[in-house]
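Contents: one structure, followed by commentary.
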Amino acid sequence: MTNPLVCVKRVVDATSEVVLTEDAQGVDGRYAGFTTSAHEECAVELAVRIAADGGAATVVTLGDDDAVEQLRAALAVGCAAATHVVADPQAFGPADVAREIAAVVRDHEAAGTPHELVLLGNDAADTGDFQVGIRLAYELGWPVVNGVSTVSVADGEVTATGSGPDGHETFRLPLPAVVTVLEGGVEPRYPSVPGRMKAKKAPIEERRPTADPVGPSRVRLVLPPPSPSTVQVLGEGPASAPAVVDLFEQLGVLAR
Amino acid sequence: MADVPTTAGVVVIGAGIVGNSLVHHLTRLGWTDVVQIDKGALPNPGGSTGHASNFIFTVDHSREITDLTLDSVAQYKEMGVFTQSGGFEIARTEERMEELRRRMSSAKAWGIESELVSPAFVKQKVPFIEEDQFIGAFWTPGVGVVDSLRAGTIMRERALATGELTVVPTVEVTGLDTEEGPHGRRRITRVRTSGGDIEAKVVVIAAGVWSPKLGDMAGISIPLTPAVHQMISVGPCPQLTETEGEISFPIVRDMDTFCYERQHGADMEVGSYAHRAILHEPEDIPSIEQAKLSPTEMPFTSDDFDPQLEQAYELMPELLGAEGAEMRYAINGLLSLTCDGNPILGESEVAGLWTASAVWIKEGPGVGRAVAEWMTDGHSEIDLHHSDIARFHEHQKRREHTRLRTTESFIKTYGIVHPGEQYESDRDQRLSPMHDSQAKLGAVFFETAGWERPFWYETNASLLEAYGDAVMPREHEWDSRWWSPIINAEHLRMREAAAVIDLSAFCIFDIEGPEALDVVQKTCVAQCDVAVGKVVYTPVLDAKGGFRSDLTVMRLGDEHYRVVTGGAHGMADRAWFSGHLPETGSTTLTDLTDDVSTIGIWGPRARDIVSSLTSDDVSDAGFGFLSCREIELAGTSVLASRISYVGELGWELYVPMEHAAGLWEALLEAGAPHGAVPAGIGVYGTTGRIEKGYRAYGAELDSERTIVEAGMQRPKVKAAHFVGKEAYLAQRETAPSTVLCTLTVDDHTSASGARRYMLGGEPILTRDGGTLTDGHGRHPYVTSAGSAPSLGKHVLLAYLPPDQAVIGNQLAVSYMEELYPVTVGSVDATPLLDPTNERIR
Amino acid sequence: MIVVLVEVTPTGEVVETSREAMTFARDLAAAGGGVPIDAVVVGHPDDALVGTLASYGARRVHALTGAAYDSFSGAAWAAGLMAVRERAGAVVVTAAGTSRGNEVLAHVAARSALPMAANVVSFSSLSPFTVTRQVVGGAALEEMSLSQRPAIFTLAGHAVEAAPAATAGAGELVVETPDVADADLLARVISTEEPEPDLSGNLKSARVVVGAGRGAGSAEGFDDLLELAELLDASLGVSRVVTSLGWRPHHEQVGQTGSRISPDLYIPCGISGAIQHWAGCSSAKTILAINTDPDAPMVTKATHAVIGDLHEIIPAVNAEIRRRRA
């Protein structure tokens, strides 16, 4: 029976042109909307699968009031409980977030529901700090595996695999542990209607940060200058094949 | 891809369902050098068409919308992109069942096959529905889904095949240039785009939710607001995966929860109109680059949808809760809403600049055809006056008005809307000078064109006792909603003594100049070359001989006419007359609506009351019927016009706004000893009018009806030319296809024993419920219904097939799915009350 | 002093992004008045490797050796790196923004209780030390202050062009055998599966590269693309998501965490063109993008484009090539 804790973050769904907030401290999600990043969706999926051994997955986030949407999204796909550290995420740096998650782990343990495994995304889709999971591991004094795409638990050990520079790597280590996840190993499920309805009603543990944040050392965000498009559209669909091959001939790459 | 041409015969902005339909029908009708641009890419440029749920329910209470929908269905079918699925509108409550019965009336009136069915019937066709969640349903077998993107492509390709269309996608409009034309009316000259400028004298804005932004570029108001419609897709559902094609099960509209469930392949789409109105400003719609999906597919706000999810689940738990069925797609889709729910079509105040906006998939191709016809011929086959952009008054052009009204009406998308229902928001826009006095009299105000008009006065409740059952009380809540027996009491007092009626909402404009006579002769059917001081009531026709309006014209001088018309349609009338002013600019149109108030006084004692306030001669000899002149009344100079819309002796008194309140008080005070009371529009617009069989534009009269059909032809046709004359002359030579008749209800008793009163829109059938069809293929329906207290009858007006238009003919009216016997009382304009018009003398 | 963690390929070469990190460190050192640069590698380097690092300006090359370094552990690498840094009193610790680089430096930052900046592209001031780094997948940039010492950051792949120093460093090899606690070895690689043989050996030097992204649809969706590559004698390059999803091996990846290519013609098919990918292909002379979305960044940045589904277009192109050759 495993009771993983999985950490998610409400991020702007920045698959399109990015718009900054007026104070240039964050990304404006007005048009794009908000989401849980692909890495974290996979982490949630892995947590739900791991907890299927009779345990229960808990989802946690540090975010403003609206971040409850991301908690409910995780509840809708199978997390059993949720914890919301209500705080302005822009004011919290990676070390601050790691400290708050560690406090949640300790408090849950004290309350009789220990998490022997904490799953996170490899990096946040917005701030891209690549360090919350590792800092959390040091806060807890646990080992940490980074950037893996499959995670399974058996006999008090966690096995994780992922793609490394020299090939496909396997890690195996005793619990408790922290694991950060890259997308690709599992297909995250979408919520079902009953799941969503259950999530809507699930109670969410609300808590405040345990300390004032140190902050992210951010001066401001800027957008890279847009480059004007000079693209020449050769056509649409298969009918453009002759134009494509004309281009190949013109560039002299068709010779043989 | 094509470059932006430098000139065009017509530029169509937008490549959604409307723009595509327009280019097809314009080229079909012979337009050349047509240029279509869109800022998005084809075939889905990112507007509302791209995410539409694409299903079509054909029955609407509005004939105009129904006709556009039926024409659209025919076009979709011809293109092979229509899949018939059938559709249910289910009722969870008895109140909704009653609304479905009313829907049956509309279905029969518009000739659409429908029936009321049991939950078991629904279950048979939709096996995964929970029968015990609802009590009945409205079944329309002809409901279906369309591929609107494919239809758009087909229509665009047909237009391209004519060789007259150039399509330029991914080009954004940056400006619309205009120049000053005659009478200060601007005209369109140029479309500026990110790909270069196009010189064009005709431009159509068919840009959906972006239309207001484009309108602003030319300084015109296209008052629509982008609003969110939420939709989720759940699947794959095992019950659906086994079926072939896009849709095999009928669409279910769960009317009481404002939701629909529509199969889309293996998925079930659940849409909602139940959430709070989520409105956006056109400027706040993201660009194509900023948008995650498309600009009109905004991020889903799940909290708003959660209650609907539960209700949908209640209805289809096995399907929506099936193993493996997941919510894979969810959007806040943007669509266009307007303050009155109708599209925005036609030529704007900028000459040559047209719009076809706020149109849904179900009307798209029909709108494209109708607007193309309008652009080509000046009129369309389907009457579009409810959708005419010219209808908007100034206060309705404000964004705030649109926002407030659509916020209020959004929830009514699937709501039960009473025909008399009044808006609550953004009221008190136009108050007559008598408003305070009227409020003290307990006036119940209804809104017309922004004006607050007393419909009846609660202080007249004291009359109820005197008249007893003659006020024809209505016991059923629906029949008596937005109604009061006080209206009938006021009516009876008017016929007995006199009534004073506030008519400030009239739209009044003067035509002055050397060509004033030409202008009114050209626009009006009746002879307007009359002596100064004469009043003329006249139809106004379009070129094909359909009604544009009916109104009165007063000749105030050799070169000076005053036109008085109803407030609701006044802006369109003003635009019509403006459009017929000579180019020379020597003759002008001046709108006096805000400067002149109108007070009516009618009844057998009207002359006594008026003469007590004036030393002028107001005797029949001194002030004959259909004449007008300035008189001194209660110390104020007023233009008095002896005319009546209620069939009584009396006058319309045109008085400067600043003196209106004083005149109002003087008339009431002088009238009191004679028994006169203030009376509301309930009398003026319905009871007084219907007893006299007077026709109303928008009810009996519209562009699909002729003078002959309406029974309004005069013995002679004037020699002078007027718009529609040729058509009118031809109409006079042939037997009418349909005849406007007056009917009375013989027995009001329903099966439950309650007496029921029709409100309008109901189908007229044979006594035993058989369908009637006129020469246009239309089925008779009640165009106006109302009490005729002086006759003690409930009167209905309806166009009947000519062979049924026989006095004494016994027919039936279907109301809430019960038949009531009716008898034809008049087959022309002859009134049931006072047929020789003695009372008016 | 600046310490640079350098990654080495299995065949003993310095990976390109680490050479870029050395280059960036030199610029920073120059701005700071010519502070020395030490490279840290894991394992025993051969002379050629030491020579390369010297040519990039390394004063010393520290080699972390011992049983703790037989297989990868982020904590163990960090322990060794920190031992070097502490001894040398370095004011900057940096590495390439690869998965290894980001991970090891995050360990260093956590152990030192200091901030870390990932994926830096430039620095704007030394005092206070202010860097600009990629956020939101490269779609935005963050200016971040790193005022504490040592400053810890990774350099975004291909943010600078790798170039040897005008004057080579001394390149003194220092073999280290740091003490590594057992706890730091708990999370270590226990096995590595050999990758598929590298068919794109000439990816970096290929004249033509056929690219494939999420639009390929599945691992089975590459047949037509491979045929096109064969017809054009081209290499196949893929986006990060394709390797993440396991459709193609990692060594075929083009982008910030993969190879940087500079062919005469690059044909990205079904690749949206996020910054990570663009960083690896922006040097292509001609780019022909094939995409269903005409607004995809790859299309707007390309020189030529065809709009539509690659699974319809590529077979037609292949057929057209065969027809013309026939």
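Every number in this text was worked out from the coordinates using simple rules, so none of it is lab data. This is a predicted model, so every value here is computed, not measured. Cβ coordinates were reconstructed from backbone atoms using ideal geometry, including for glycine residues, and neighbour counts include every protein chain displayed.
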So for region B:227-309, using the alpha carbon gyration tensor with a ≥ b ≥ c as root eigenvalues (a/c under 1.5 gives rounded; past that, a/b versus b/c decides prolate or oblate), I'd call it oblate
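Using Cβ contacts closer than 10 Å as the measure, can you line up B:487, C:190 from fewest to most? It would help to have the intermediate numbers written out before the result.
Details: B:487 29, C:190 11.
Starting with the residue having the fewest Cβ neighbours, the order is C:190, B:487.
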Angle, helix B:148-161 long axis vs. longest principal axis of chain B, Cα atoms, 0 to 90°, nearest 10?
80 degrees
Over the alpha-carbon set of region B:736-841, work out the extent along each principal axis and list the three values in angstrom, largest first.
43, 35, 20
So what is the relative contact order for region B:294-407, in percent, with contacts set as C-alpha pairs under 8 Å and at least six apart?
25 percent
Using only Cα atoms, tell me the angle between helix B:485-496 and the longest principal axis of chain B; keep it within 0 to 90° and round to the nearest 10.
30 degrees
Karplus ³J(HN,Hα) for region B:538-553 (6.51 cos²θ - 1.76 cosθ + 1.60, θ = phi - 60°; Hz, whole; x = Gly/Pro) runs 8, x, 10, 10, 8, 4, 8, x, x, 6, 9, 5, 9, 6, 10, 10
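Return the calculated 222 nm mean residue ellipticity for chain B, to the nearest 500 deg cm²/dmol, obtained by summing -39500 (n - 2.57) across DSSP H runs with n ≥ 4 and dividing by the residue count. Intermediate results must be reported in sequence, preceding the final value.
Details: 21 runs with 202 residues, N = 841.
Helix-only estimate at 222 nm: -7000 deg cm²/dmol.
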If you build the Cα gyration tensor of region C:2-185 and take the root of 5 times each eigenvalue, what three semi-axes come out, in whole angstrom, biggest first?
23, 19, 15
Percent of Cα-Cα pairs per 20 Å bin, from 0 to the last occupied bin, for the protein assembly as shown, please list those.
9, 30, 29, 19, 11, 3, 0
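Stokes-Einstein D for region B:541-613 at 10 °C, 1.306 mPa s, Kirkwood Rh over Cα pairs, in µm²/s? List each step's numbers first, then the result.
Values: Rh = 15.0 Å.
The calculation lands on 106 µm²/s.
Would you mind ranking B:756, B:185 by Cβ crowding within 10 Å, fewest neighbours first? Mind dumping the intermediate values first?
Working: B:756 22, B:185 15.
Sorted ascending by nearby Cβ count, the order is B:185, B:756.
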Can you return the aspartates and glutamates within cross-link range of residue A:200? Criterion is Cα-Cα under 17 Å, with same-chain partners fewer than 8 residues away left out.
A:65, A:66, A:69, B:303, B:304, B:306, B:310, B:314, B:326
Bins of 20 Å, beginning at zero and ending with the bin holding the largest distance: percent of Cα pairs per bin for chain C, please.
31, 52, 17, 0
Residue (of B:141, B:492, B:212) at the positive-pole extreme of chain B, dipole from beta-carbon charges
B:492
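Can you compute the helix-only [θ] at 222 nm over chain A? Use -39500 (n - 2.57) per DSSP H run of at least 4 residues, normalise by all residues, nearest 500 deg cm²/dmol.
It lands at -8500 deg cm²/dmol.
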On a straight-distance basis, which lysines could pair with residue B:716 in a cross-link, Cα separation under 29 angstrom, same-chain partners fewer than 8 positions away excluded?
B:522, B:534, B:544, B:692, B:725
Taking the Cα atoms of chain A, report the difference between the largest and smallest coordinate on each principal axis, in whole Å and largest first.
71, 45, 39
Principal axis box of chain B, alpha-carbon based, largest edge first, Å:
86, 67, 52
Amide H contacts under 5 Å for residue C:174, restricted to residues at least 5 apart in sequence or on another chain and with H modeled in the peptide plane, are C:61, C:62, C:63
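Sort A:236, B:347 by Cβ crowding within 10 Å, fewest neighbours at the top. Write down the numbers at each step before the final one.
Details: A:236 18, B:347 22.
Listing A:236, B:347 from fewest to most nearby Cβ atoms yields A:236, B:347.
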Mind listing the phi-derived Karplus ³J(HN,Hα) values for region B:363-374, rounded to whole Hz, using 6.51, -1.76 and 1.60 with θ = phi - 60°, and x for any glycine or proline?
10, x, x, x, 5, x, 5, 5, 5, 4, 4, 4
On the formula 1/(1 + (r/R0)^6), with r taken between the Cβ atoms of residue A:65 and residue B:439 and R0 of 56 Å, the FRET efficiency rounded to 0.05 is 0.80
Run the dipole for chain A about the Cα centre, Lys and Arg Cβ at +1, Asp and Glu Cβ at -1, nothing else charged, and hand back the magnitude in debye, nearest 20.
460 debye
Each residue of region A:38-48 in turn: what ³J(HN,Hα) in whole Hz from Karplus with 6.51, -1.76, 1.60 and θ = phi - 60°, glycine and Pro shown as x?
4, 4, 6, 4, 5, 4, 4, 4, 5, 4, 5
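Using DSSP H assignments, which helices in chain C have an axial alpha-carbon span of 30 Å or above and a mean Kyte-Doolittle hydropathy of -1.0 or higher? Before the final figure, lay out the partial values.
Values: long enough: none.
Helices passing the filter in chain C: none found.
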Name the residue farthest towards the positive end of the dipole of region C:208-325 from the options C:256, C:268, C:319, assuming +1 on Cβ of Lys and Arg, -1 on Cβ of Asp and Glu, about the Cα centre.
C:256
Relative contact order %, chain B, counting alpha carbon pairs below 8 Å whose residues are six or more apart:
12 percent
May I ask for the angle, rounded to the nearest 10°, between helix B:63-78 and the longest principal axis of chain B, with both axes built from Cα atoms and the value confined to 0 to 90°?
30 degrees
Under 23 Å from residue C:204, Cα to Cα: lysines that are on another chain or at least 8 residues apart
C:285, C:301
